[in-house]
Each structure stands twice: as structure tokens, then as C-alpha cells.
Amino acid sequence: MEEAPHRGLVRPVRIDPTGADGPTRGQARGPRWRQTSHGFYVPAAVDAANVDQRILEASVVVPTGCAITGWAALRWLGGVWFTGGGARTKPVTILVGTQDIRPQPGIQPCGEGVSRHDIVVVDGIPVTVPAWSVVHSMRRSTDRREAVAALDMAAYSDLVSLAEASEVIGRQSGWTGVPQARWARDHGAENSWSPAETRMGLVWELDGGHPPPLHNQPLFDRTGRHIGTPDLVDPVAGVVGEYDGAHHLEPDQRVTDVNRDAAFRAHGLEAVTWLAGDPQGSFLRRLDAAYRRAGATGAQRRTWTIVPPAWWTSTATVEQRRALSAAERARFLRYRAA
């Protein structure tokens, strides 16, 4: 059985009457083989829920000159946040243009065409380039905020910058979903570290009515010492926001969080936290209260700045992160984790 060069996955095969390169017809009907698509099979032990395996299984039905796009292409290209929504919940989209492929579970044909210049072959699978892939996701997302999350998470993995996505959007005027993609581009951020953080920033701005916050903006004291890097910050009002997922309940992380909040407040910053599972309305009430406290604090108590000292290496943009060496990435991006 052939292994795909990408992540040790198993490439589907067709029926082989000899049983040498694939199952015989009788074997294919038995419990030791699983059908992945029309005419293709893998051993039953191969994990059907593995997201990369799902993409590989879909790839064998891609017609010549066509490609996988959207979340699956971004995943195959290295987008760590693109998980396909769990076991078989999001179909793999294949751009087929005018060609026809048989409808089948887990695969979604899309009649949009794509130039060969926008297709790359990675580990044997044709996928659309990152900017094309993310714009397709933005245009086809179920709502505008999810479109922003797709863009932000592609930027997280340095697959695409906002400028690169904007260039593709400009070439697709009149295509399905372009107004949504434009809106998402205008609300995107290149330094969000998780989908939850992106959604929190949008709630902060769109539902809370406050200025759009900066994502993961380092804060410094007047001597240039790094105070901390909150998930979100309004640098004018002096309000910082943190999203606490399940790992923030771990004792060591909780100690870190409490100490960092204390450091923020010691410098005149007001901190607000959104807990996983916390109703949006509760968070917004706490956010409004933080803004009121910040307004009453007065600028004289603010001993912080967003202006970095000369020794600081910024990693706020895709361009800056792409310019880092492997050693620098390991050092400067060690706090980002998917």
C-alpha cells in the first residue's frame, strides 16, 4: 500500500483483480477495506477522521487542471487552525470549472474556474495558492465573522497577508461572496492568535460599539521593559482584553494570568476577560465597566506605551514573521500555540 509523502498518510487505490496493488472486488466488499470515494479504497484501519487523510482521500478524484481549495487547501499548505470542523463535518471543496465529478460524501464540487497560475502541487496534491484559497473561504463562509476568522488564521500561519488577499479579491469583482470578502478583509488582522480571539475582537467592536482593538500588541513601561502582550488592547482608552480557554484553568497558567493582570493594573490599564462558555452579554457588560473605569483613571496614572524599545523585534505582521530565521521564529513566536 502506497504512503503519501505528506505526513505518512495512505493514498486510496482502485480495485485490483490480482490483489497486488489494491483490493479485489470481493475484498473491497469485506470488513478490511473502506471505500473513500467512487472506485477508491483504503484499509479499514486507516483513520477516516484524520483531517489530512480526508484531504488526501478527496484528492484522488480531482480532475486534471483542477484543484482543491478553501480550508482544505490552507490546511495542506500548513494552516494549523484549519481542521475541517472535526470528523467529516466540512466537505473538501474541489474547483472543477466546467468539468463534472460524481457527487459523493465529503466532497463538494465548485463550478468556479481557476487559472493554472493559481494552482500549486504540494506532496502530489493540486491546491490553489494560499491567497486564492483564503479568499474562496472568505467568500463562501457562512457569515462575515467566520470569513474574518478564515483570513486571520491564514495570516497566523503566514500563508497570506491582508494585501495578498486584497489583490485576489480585486481580481474577482462580481464573483459570489465578494462583498463579504471585502468586509472581512477590512476587519482582518495579521496578528490574531486564535479564531476565538478574532471573534472576541469583532464582538468588542461590532456589538460593544468600541474602537477596534489591536491584537497581541506588546505593552512597555517607560523604561522600555515589557509589561505583557494582551490578546486585545484599546491603546487610547487603556483597556486590555484576554480570552481564557480551557488551558487557562491549569494552575501554572492561572498564576501567570493573575500576575499579568496585576501588572497591567499597576500601570493604569483596565483588564477584562472573556471565559470560554461565558455568554456574550456578560462579557460586554464587563467590557463597558472596564471602559468606564479606564475613563475615570486619568492619563496621569498611565505608565505604559505601545512604542517598543530599540532592541525589540516586532512580529506583528506576516511580512515581519516571514523575514525571521528558523531560530528567530522558535524564539520570538514561542508563545503562539494552536
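Checked against (1) small (Gly, Ala, Ser); (2) modelled with pLDDT of 95 or more; (3) under 14 Å from Ala276 (Cβ atoms), Gly208 meets all criteria but (3).
Residues in the range 303-338 that are outside any helix (DSSP H, G or I), out of contact with any helix residue (DSSP H, G or I) (no Cβ under 9 Å at 6 or more places or on another chain), loosely packed, with under 15 Cβ neighbours inside 10 Å and not aliphatic (A, V, I, L, M): Pro309, Trp311, Trp312, Ser325, Arg334, Tyr335. Being over 19 Å from the mean Cα position of the chain (by Cα), of a type outside the set (Ser, Thr, Tyr) and not in a strand (DSSP E or B) is a description that applies to Trp175. Out of all the residues in the range 129-143, is one or more in contact with a helix residue (DSSP H, G or I) (Cβ under 6 Å, 6 or more places away or on another chain), in a helix (DSSP H, G or I) and surrounded by fewer than 18 Cβ atoms within 10 Å (Cβ to Cβ)? No, that holds for no residue. Note on the range 118-135: residues that are closer than 25 Å to Gln180 by Cβ and of a type outside the set (Ser, Thr, Tyr) total 9.
Given the structure, is Gln35 touching an Asp or Glu at 6+ places or on another chain (Cβ under 7 Å) and farther than 26 Å from Trp175 by Cβ? Don't jump to the end; show me each part of the working.
Details: touching an Asp or Glu at 6+ places or on another chain (Cβ under 7 Å): no; farther than 26 Å from Trp175 by Cβ: yes.
Taking the combined requirement at face value, the residue does not satisfy it.
Of His215, His187, His210, all but one fail to be over 29 Å from Gly78 (Cβ atoms) and either in contact with a Gly (Cβ under 6 Å, 6 or more places away or on another chain) or not β-branched (Val, Ile, Thr) (or both); the exception is His210. Just one of the numbered conditions (1) touching a residue at least 60 places away in the same chain (Cβ under 8 Å); (2) out of contact with any Phe, Trp or Tyr (no Cβ under 7 Å at 6 or more places or on another chain); (3) of a type outside the set (Ser, Thr, Tyr) is not true of Met153: (2).
Of all the residues in the range 53-94, those that are open to solvent by 30 Å² or more (accessible area, probe 1.4 Å) and closer than 16 Å to Asp123 by Cβ number 4. Residues satisfying the criterion are present in the range 237-247 (criterion: at pLDDT below 90, in a helix (DSSP H, G or I) and under 28 Å from Leu151 (Cα atoms)). Quick one: what pairs do we get from the range 105-124, first residue in contact (Cβ under 8 Å) with a residue 24 or more places away in the chain and assigned to a loop (DSSP other than H, G, I, E, B), second open to solvent by less than 40 Å² (accessible area, probe 1.4 Å) and of a type in the set (Ser, Thr, Tyr), C-beta under 7 Å, 6+ apart or different chains? Listed by first residue and then by second, the contacts come to Val114/Thr128.
Examine the range 162-179 for a residue that is under 26 Å from Leu333 (Cβ atoms), open to solvent by 60 Å² or more (accessible area, probe 1.4 Å) and among the basic types (Lys, Arg), and state whether such a residue exists. The answer is no; no qualifying residue exists.
Looking only at residues in the range 43-52 that are open to solvent by less than 30 Å² (accessible area, probe 1.4 Å) and within 17 Å of Arg32 (Cβ to Cβ), which one is modelled with the highest pLDDT?
Initially, the range 43-52 is screened for residues open to solvent by less than 30 Å² (accessible area, probe 1.4 Å), giving 46, 48, 51-52.
The next check asks that each one be within 17 Å of Arg32 (Cβ to Cβ); those that pass are 46, 48.
On the way: Val46: 95, Ala48: 90.
By that ranking, first place goes to Val46.
Has the range 76-94 got at least one residue that is under 22 Å from Val160 (Cβ atoms) and part of a helix (DSSP H, G or I)? Yes, the range 76-94 contains a residue that is under 22 Å from Val160 (Cβ atoms) and part of a helix (DSSP H, G or I). Suppose the filter is open to solvent by 30 Å² or more (accessible area, probe 1.4 Å) and without any contact (Cβ under 8 Å) to a residue 60 or more places away in the chain; does Trp33 pass it? When the stated conditions are applied, Trp33 passes them.
With respect to Asp16, is the statement that it is open to solvent by less than 30 Å² (accessible area, probe 1.4 Å) and without any contact (Cβ under 8 Å) to a residue 40 or more places away in the chain true?
Numbers: open to solvent by less than 30 Å² (accessible area, probe 1.4 Å): yes; without any contact (Cβ under 8 Å) to a residue 40 or more places away in the chain: yes.
Against the criterion (open to solvent by less than 30 Å² (accessible area, probe 1.4 Å) and without any contact (Cβ under 8 Å) to a residue 40 or more places away in the chain), Asp16 qualifies.
The values are calculated or read from the model by the stated rules, or taken from the named source; none is laboratory data. Just so it is clear, the structure is predicted and the values come from calculations on it, not from any experiment. For neighbour counting, all protein chains shown are included, and Cβ atoms are generated from backbone atoms with ideal geometry for every residue, glycine included. Quick note on the areas: whole protein, heavy atoms, side chains included, nothing else; ligands and nucleic acids left out. Shrake-Rupley method; radii C 1.70, N 1.55, O 1.52, S 1.80 Å.
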